[in-house]
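*Asks:* Mind having a look at this structure? Questions to follow.
Please treat every number below as a calculation from the coordinates, not as lab data. In this text, all values refer to a predicted model and were calculated from it rather than measured experimentally. With ideal geometry, Cβ positions are generated from the backbone for all residues, glycine too; neighbour counts draw on all protein chains shown.
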Amino acid sequence: MPDKVRDLLRLALWLLPASPVKNALLRRAGHRVHPTARARASIVWRAASVELGPGSSFGSANVVKNMREIRLGRDAMIGRWNLISSHPSFIRHLPEGGVLVLGDHAKITSRHQLDCSGSVRLGAFASMAGHQSRVMSHSVDLRRNAQAAFPVAIGERAFVGTRVLILGGAVLPRRSVLGAGSVLTRARGVPDPGLWAGVPATRRGDVSGAWFDRDETSTHDLWIAETDTIVSTR
């Protein structure tokens, strides 16, 4: 099958509502979609390989373009209205170019923009929370006058706050927090876990809490500050 025909077929399939039939059709089209995964209607154009693990969820109204691989582990989740893309040149020239990987129970919420030219990986139980965060994994190397891309790594059980900017080569260590509005730049060496915040983000201290030891993808309970009580929303 010619590449353009295959891409058009996959685009049409991705626009269907989530159902076991859609999962089966996506498998027939070359993707690896577990029968228990939920693949809601989104625009997916030229994504060579998509793998949705058991219980994973790919939300509605996402726009995906020019990706080598998208892989969601068990019970991982991508919300709605996200823009996920990479530059085709890096897919051709970088072995990991155009790759997005979410480990088991990892989560990207809604209304984020991810440039995966240098690859983006979230470890198990990691969460890109809030809205309107951006990952920009490629940029111009001014000294060399050339485009360059570097991988972005969000560690296991790490928490990314709202409206942050994460640049190519950045590493958020496991069990760490990136504070809202921060800019995480390329890592120098192996960063220590903790609270990272500011522009550029620096380590501000230690973090702890029950969230880091949860056993579910999403947080459902509410804390009512006035009465110091926790209310379940399920």
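*Asks:* Select from the stretch 160-178 the residues that are in contact with a Leu (Cβ under 7 Å, 6 or more places away or on another chain) and among the β-branched types (V, I, T) and list them in ascending order.
*Replies:* Result: V160, V164, I166, V177.
*Asks:* The conditions are (1) in contact with a Lys or Arg (Cβ under 7 Å, 6 or more places away or on another chain); (2) in a strand (DSSP E or B), and I70 fails exactly one of them. Which is it?
*Replies:* Unmet for I70, out of (1) in contact with a Lys or Arg (Cβ under 7 Å, 6 or more places away or on another chain); (2) in a strand (DSSP E or B): (1).
*Asks:* Under 14 Å from the mean Cα position of the chain (by Cα) and either in a strand (DSSP E or B) or of a type outside the set (A, V, I, L, M) (or both) - does that describe any residue in the stretch 33-50?
*Replies:* From the stretch 33-50, those under 14 Å from the mean Cα position of the chain (by Cα) are 50; that's our starting set.
Keeping just the survivors that are either in a strand (DSSP E or B) or of a type outside the set (A, V, I, L, M) (or both) gives 50.
Scanning the stretch 33-50 turns up at least one residue that is under 14 Å from the mean Cα position of the chain (by Cα) and either in a strand (DSSP E or B) or of a type outside the set (A, V, I, L, M) (or both).
*Asks:* Further question on the same structure: Could you pull out the residue among T202, T217 that is of a type in the set (V, I, T), surrounded by 10 or more Cβ atoms within 10 Å (Cβ to Cβ), touching a strand residue (DSSP E or B) at 6+ places or on another chain (Cβ under 9 Å) and within 22 Å of D104 (Cβ to Cβ)? If you could, list the steps in order and put the result at the bottom.
*Replies:* Values: T202 fails: within 22 Å of D104 (Cβ to Cβ).
It is T217.
*Asks:* Just one of (1) of a type in the set (D, E, K, R); (2) closer than 18 Å to R71 by Cβ; (3) in a loop (DSSP other than H, G, I, E, B) trips up R111, so point out which.
*Replies:* (2)
*Asks:* Across the stretch 76-95, what is the number of residues that are part of a loop (DSSP other than H, G, I, E, B), out of contact with any strand residue (DSSP E or B) (no Cβ under 8 Å at 6 or more places or on another chain) and not basic (K, R)? Spell out how you get there, then give the answer.
*Replies:* Quick first cut of the stretch 76-95, residues part of a loop (DSSP other than H, G, I, E, B) only: 76, 79-82, 86-87, 94-95.
Subsequent filtering for residues that are out of contact with any strand residue (DSSP E or B) (no Cβ under 8 Å at 6 or more places or on another chain) retains 80-81, 95.
In the following step, the residues that additionally are not basic (K, R) were identified as 81, 95.
Result for the stretch 76-95: 2.
*Asks:* Right, another one. Applying the selection to the stretch 143-164, what residues are under 21 Å from E96 (Cα atoms) and of a type in the set (A, V, I, L, M, F, W, C)?
*Replies:* Filtering the stretch 143-164 down to residues under 21 Å from E96 (Cα atoms) leaves 146-156.
A146, A148, A149, F150, V152, A153, I154, listed by residue number.
*Asks:* Cβ-Cβ under 6 Å, sequence separation 6+ or interchain: first residue in the stretch 112-130 and basic (K, R), partner surrounded by fewer than 24 Cβ atoms within 10 Å (Cβ to Cβ). Which pairs?
*Replies:* As it stands, the answer is R121/V101; R121/A153, since those pairs meet every condition given.
*Asks:* Could you check the stretch 189-234 and list, in sequence order, the residues that are farther than 26 Å from A76 by Cα, of a type in the set (D, E, K, R) and part of a loop (DSSP other than H, G, I, E, B)?
*Replies:* Result: D206, E226, D228.
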